[in-house]
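Okay, so here's the structure we're looking at.
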Amino acid sequence: MNQETAYAAPQHDDAVRNFSVLLSSTPRGARLARLLATEQLRTWGLPLHPADLVVAELAANAATHGRVPGRTFRLMLYVIGDTLRVEVTDTRGDRLPQLGTAGADAESGRGLLLVESLADRWGVAQGPRPRKTIWAEVDLPPELARSCSGATRGLSQGTQEGKNPHQT
């Protein structure tokens, strides 16, 4: 049964900030993903922008392109060191995202271009079958980030990574 409700995992350790929720693969689930992520970022005292837009685009893609009727997608946020990582996992591992070149009058096709311009890093991790995870990382201002477990910036090793032209 595919419900329009979300379950947020309880957080017991404030030093490791993470949030995970399963949502229906519908436009309503995508909207709820953005609302829940925004509230979680507020709770953590982190800036909403650009993470709120990254979540919105990745969740909308999961509900549109990664949709399998009756299956959910997972939104996960976590902070390690000075990096906020957003992950959206859906059950369409056979459909990998591609940067589009939408026409000037097209109404869609620019979501990953937006993610690429807003995130410091992004990419795709496949598996386990039939899943794929689209992830994006946003570097946090050092004064807002709390170190966790000695981890350092850039959690993306070992996965396909999108190239951000604004990254040095």
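The numbers here are math on the coordinates, done by the rules we state, and not lab data. Computed from a predicted model, the values in this text were never measured in an experiment. Every residue, glycine among them, receives a Cβ derived from its backbone with ideal geometry; neighbour counts consider all protein chains shown.
With r as the distance between the Cβ atoms of R31 and R129 and R0 = 30 Å, compute the FRET efficiency 1/(1 + (r/R0)^6) and round to 0.05. That pair, R129 with R31, gives E of 0.60. Of the residues L113, G100, S20, the one whose Cα sits farthest towards the positive end of the charge dipole of the stretch 18-146 is S20 (charges of +1 on Lys and Arg Cβ, -1 on Asp and Glu Cβ, taken about the Cα centre). Counting only other residues whose beta carbon sits under 13 Å from that of L48, what net charge do I get with K and R as +1, D and E as -1? That works out to 0.
Length gained on full extension, L113 to V68, computed as 0.36 nm times the residue gap minus the Cα-Cα distance: 13.8 nm. Using Cβ point charges alone (K and R +1, D and E -1), the dipole size of the stretch 18-146 about the Cα centre works out to roughly 680 debye.
Computed over the stretch 18-146, the convex hull of the alpha-carbon atoms projects to a mean area of 7.8 nm². Each Lys or Arg adds one and each Asp or Glu subtracts one; over the other residues with Cβ under 10 Å from the Cβ of L77, this totals +1.
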